[in-house]
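Just so it is clear, none of the values below were taken in a lab; they were calculated from the coordinates. Being a predicted model, the structure only gives us computed values, none of them experimental.
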């Protein structure tokens, strides 16, 4: 996962940075944005492929919801009709969903973060059904503790991946 401070916000309340770590966690809106779409090049529709009787996106959401440092979890997808089945599934399961540009992933993320009034965004990919909630919490806690603007649990990328 990747964690980033709210640079997309028009303004940040300066008092957030003057508080102690305990108060900071109580005040910050820490939102997991799960990046999902149906038009994967290598395996189209993979987020809806079943794993033990449930779509992969459900497996990811359930595990992300176990993280204790998060305020909210939202599936972020596109307005493209190909993503309608994903958005419908989320709606049926009560999973918050945000829809934005298919081509401009960064804008989709920015608009989703703004819609959630997120102070901190935790980026999650929807094709990771065994994501560790403890690792999410560890990454968020280290991010908050260190005061950096960005943290990730996979730098450098493993196995030569980018």
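Rounded, prolate or oblate for segment 72-114? Axes are the square roots of the Cα gyration tensor eigenvalues, ordered a ≥ b ≥ c, and the cut-off for rounded is a/c under 1.5. Working shown, then result.
On the way: a/c = 3.51, a/b = 1.26, b/c = 2.79.
Oblate shape, in that a/c is at least 1.5 and b/c is the bigger or equal ratio.
Over what distance in Å are the Cα centres of segment 76-140 and segment 42-64 separated?
Measuring centre to centre over Cα atoms gives 14 Å.
Counting alpha carbon pairs within less than 8 Å and at least 6 residues apart, what relative contact order, in whole percent, applies to segment 30-85?
Details: 63 pairs, mean separation 27.4, N = 56.
Computed value for segment 30-85: 49 percent relative contact order.
Stokes-Einstein diffusion coefficient for segment 29-151 at 25 °C in a medium of 0.890 mPa s, Rh from the Kirkwood formula over Cα pairs: what value in µm²/s?
Details: Rh = 14.6 Å.
After rounding, the answer is 168 µm²/s.
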